[in-house]
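What follows is a set of notes on a single structure, which appears directly below.
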Amino acid sequence: MKVLLIGSGGREHALAWKLAASPLLEKLYAAPGNPGIAEHAECVPLDIRDHASVVDFCRDKAVDFVVVGPEAPLVAGLADDLISAGIPVFGPTADAARLEGSKGFTKDLCARYDIPTAAYGRFADAAHAKDYVRRSGTPIVIKADGLAAGKGVVIAMTEEEAFAAIDDCFSGAFGDSGAEVVVEEFMEGEEASFFCLCDGKTALPFGTAQDHKRVGEGDTGANTGGMGAYSPAPVMTPEMVSRVMREIVEPTLKGMEEMGSPFVGALFVGLMITVDGPKLIEYNVRFGDPECQVLMPRLEDDLLALLKGAVDGQLAHMSARWRDDAALTVVMAARGYPGTPEKGSVIRGLDAAAAADAEVFHAGTALEDGAVVASGGRVLNVTALGSNVTEARDRAYHAVDRIDWPEGFCRRDIGWRAIEREAGEA
Ligand code: AMP
Ligand code: GLY
């Protein structure tokens with residue numbers, strides 16, 4: 001098969017690395033890709049916001065299959081335009097991508113299908129949103145309805161903070177994404193990420209992970225896209241996975257189908273495991289970044305066959321096998337992240353790190369005069385396997401320490417919660 005992969009981050013490097021191992025693959029293109037992805041794919045400088053140019057490229061190169069990594073092109077309808085042109089695509093249509101593109105849509109679906117999630121209200125004006133906050137009390141969670149690159153959520157400890165967050169949203173801090181606000185109950189528990197491949201009717205469980213969203217050690221400081229992750233998530237026992245499938249994922253797929261928007265693609269189920277059981281925090285309509293970087297090294301089966309199975313409606317007849325090993329990834333970020341990262345610094349030692357039993361996925365790099373330089377906030381994802389999270393952590397940091405990049409930083413405590421558990425079990 002000739003495959004086009006859309007995206008340019010660490011998630012897409014991990015996907016490219018795994019797709020490249022598929023016996024079904026004849027040729028891999030990536031748009032726009034990055035220097036790490038270029039080791040497995042021919043990178044093409046397409047503007048992915050220009051759907052017609054993507055369709056033209058696929059026709060010109062006789063691409064048989066497109067895999068979309070990030071959410072923005074899905075919410076913008078890239079899958080719809082490819083499907084209209086007769087090109088098979090792994091990733092949901094714009095209607096189905098509302099599961100990520102509109103928090104209010106997802107909350108209403110949960111209410112209609114009795115899916116456990118935080119109690120909530122949807123508001124198109126500040127006065128009503130504030131009334132709801134007064135009635136509910138604090139802590140409380142304020143969310144811009146639409147895509148806000150992970151920045152549209154405020155956990156308000158006081159009424160004043162909640163009111164300020166509501167005013168921010170309605171004054172345009174998130175553009176159109178904040179035209180509507182969701183106010184919801186604060187849930188307590190342990191967070192976990194759960195993934196499914198979906199073919200519209202059937203969901204195939206596709207791994208679990210936990211990430212670290214805060215920039216600082218001990219899970220402190222500003223929120224980020226994720227500073228590291230590990231898989232599997234110890235809280236996601238087989239019993240918990242079955243319960244989440246039954247109470248959350250299966251009713252969601254049924255609801256989407258009944259609404260005429262069957263979901264095809266990767267469903268990222270963000271969960272809070274509370275004392276009352278698992279509750280949905282949010283859906284994403286794609287693989288997680290950096291969660292994908294710890295799923296791919298653990299997947300034993302052919303990724304391309306599974307993604308194609310999803311698009312062909314064949315998942316009821318398929319399964320995914322995983323290595324028993326744990327995987328852990330450490331995100332190396334450019335100084336300044338998650339604010340304004342410094343760009344252009346030279347990164348050395350990548351070969352030495354790769355020789356140390358780790359995969360170094362590129363997230364935000366560019367080539368300048370033959371040197372790999374930082375070009376984004378999250379720059380590298382240093383990923384290793386081990387017999388448990390502790391061993392994977394040790395291998396990953398051993399490789400991190402071989403990377404010579406004074407302008408970068410990482411957290412040194414990725415995996416701490418699982419590692420404490422493992423120490424307790426030993
Ligand atoms: P989201 O963008 O919806 O994933 O929210 C970002 C983060 O905010 C989540 O990963 C949680 O840590 C936290 N969060 C979101 N909603 C809630 C909630 N209702 N209760 C507690 N924490 C939440
Ligand atoms: N790591 C969280 C996300 O991909 O949204």
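The values are calculated or read from the model by the stated rules, or taken from the named source; none is laboratory data. All figures in this text were calculated on a predicted structure; none of them were measured in a lab. Cβ coordinates were reconstructed from backbone atoms using ideal geometry, including for glycine residues, and neighbour counts include every protein chain displayed. Accessible surface is based on the protein model in full, side chains and every heavy atom, while ligands, DNA and RNA are left aside. Shrake-Rupley method; radii C 1.70, N 1.55, O 1.52, S 1.80 Å.
How charged is the neighbourhood of L46? Take every other residue with its Cβ under 14 Å from the Cβ of L46, and add Lys/Arg as +1 and Asp/Glu as -1.
After counting each charged neighbour, the total is -4.
Given 25 °C and 0.890 mPa s, how large is the Stokes-Einstein diffusion coefficient of the range 138-271 in µm²/s, with Rh as the Kirkwood radius over Cα pairs?
Values: Rh = 16.8 Å.
Result for D is 146 µm²/s.
Find how many whole Å separate the alpha carbon centroid of the range 210-253 from the alpha carbon centroid of the range 277-347.
12
Return the carbon/sulfur percentage of the accessible area of the range 226-363, one whole number, probe 1.4 Å, all protein chains in place. Write down the numbers at each step before the final one.
On the way: 2390 of 5030 Å².
Roughly 48 percent of what the probe reaches on the range 226-363 is carbon or sulfur.
Enumerate the calculated ³J(HN,Hα) couplings along the range 18-33 in order (Karplus 6.51 cos²θ - 1.76 cosθ + 1.60, θ = phi - 60°), each rounded to whole Hz, writing x wherever the residue is Gly or Pro.
Ordered by residue, 3J(HN,Hα) equals 7, 4, 5, 8, 7, x, 7, 7, 9, 7, 10, 10, 9, 10, x, x Hz.
Search the structure for amide H atoms under 5 Å from the amide H of R286, placed 1.01 Å from N in the peptide plane, and list their residues when 5 or more places away or on another chain.
The list, which skips near neighbours in sequence, is F268.
Taking Rh as the Kirkwood radius computed over C-alpha pairs, what is the Stokes-Einstein D of the range 1-146 at 10 °C in a medium of viscosity 1.306 mPa s, expressed in µm² per second?
On the way: Rh = 17.4 Å.
Answer, rounded: 91 µm²/s.
List, in the order given, every pair from K18/K61; K103/K201; K18/K107; K201/K308; K61/K343 whose Cα-Cα distance in the structure shown is over 26 Å. Can you show the working numbers first?
Working: K18/K61 22 Å; K103/K201 22 Å; K18/K107 34 Å; K201/K308 15 Å; K61/K343 34 Å.
Result: K18/K107; K61/K343 exceed 26 Å.
Using θ = phi - 60° and the Karplus curve 6.51 cos²θ - 1.76 cosθ + 1.60, what whole-Hz ³J(HN,Hα) does each residue of the range 219-234 get, with Gly and Pro shown as x?
Result, ordered by residue: 6, 10, x, 5, 6, 10, x, x, 9, x, 7, 9, 9, x, 8, x Hz.
Could you report the chain's accessible area per residue, 1.4 Å probe, as an integer in Å²? Walk me through the intermediate numbers first.
On the way: 17000 Å² over 426 residues.
Averaged over the residues of the chain, the accessible area is 40 Å².
Using packing as a proxy for protection, rank 286-295, 341-350 so that the peptide with the highest average count of other Cβ atoms within 10 Å comes first.
Working: 286-295: 28.4, 341-350: 16.6.
Top to bottom by mean Cβ count within 10 Å: 286-295, 341-350.
Each residue of the range 38-44 in turn: what ³J(HN,Hα) in whole Hz from Karplus with 6.51, -1.76, 1.60 and θ = phi - 60°, glycine and Pro shown as x?
Per residue, the Karplus-derived 3J(HN,Hα) values read 4, 6, 10, 9, 8, 7, 10 Hz.
Among A126, A396, A97, which one moves the most in a GNM of the chain with springs linking Cα atoms closer than 10 Å?
Looking only at A126, A396, A97, the biggest GNM fluctuation is shown by A126.
Extent of the range 63-190 along each principal axis, from alpha carbon coordinates, in Å, largest to smallest?
54, 32, 25
Where Rh denotes the Kirkwood radius from the mean inverse Cα pair distance, what is Rg over Rh for the chain? Mind dumping the intermediate values first?
On the way: Rg = 20.8 Å, Rh = 21.9 Å.
On the Cα set of the chain, Rg over Rh gives 0.95.
Summing +1 for each Lys or Arg and -1 for each Asp or Glu, what net charge is found among the other residues whose Cβ lies under 14 Å from the Cβ of Y132? Walk me through the intermediate numbers first.
Details: positive: K107, R122, K130, R134, R135, K143; negative: D125, D131, E159, E180, E184, E185.
That sum, taken over residues with Cβ under 14 Å, equals 0.
On a 1.4 Å probe surface of the protein chains, which of D219, D176 comes out largest in accessible area, and what is the full order?
Numbers: D219 45, D176 145 Å².
Largest to smallest exposure gives the sequence D176, D219.
Of the listed peptides 7-14, 278-285, what is their order by residue-averaged count of other C-beta atoms within 10 Å, with the highest listed first? Don't jump to the answer; show the numbers that get you there.
Details: 7-14: 28.9, 278-285: 21.5.
Final packing ranking: 7-14, 278-285.
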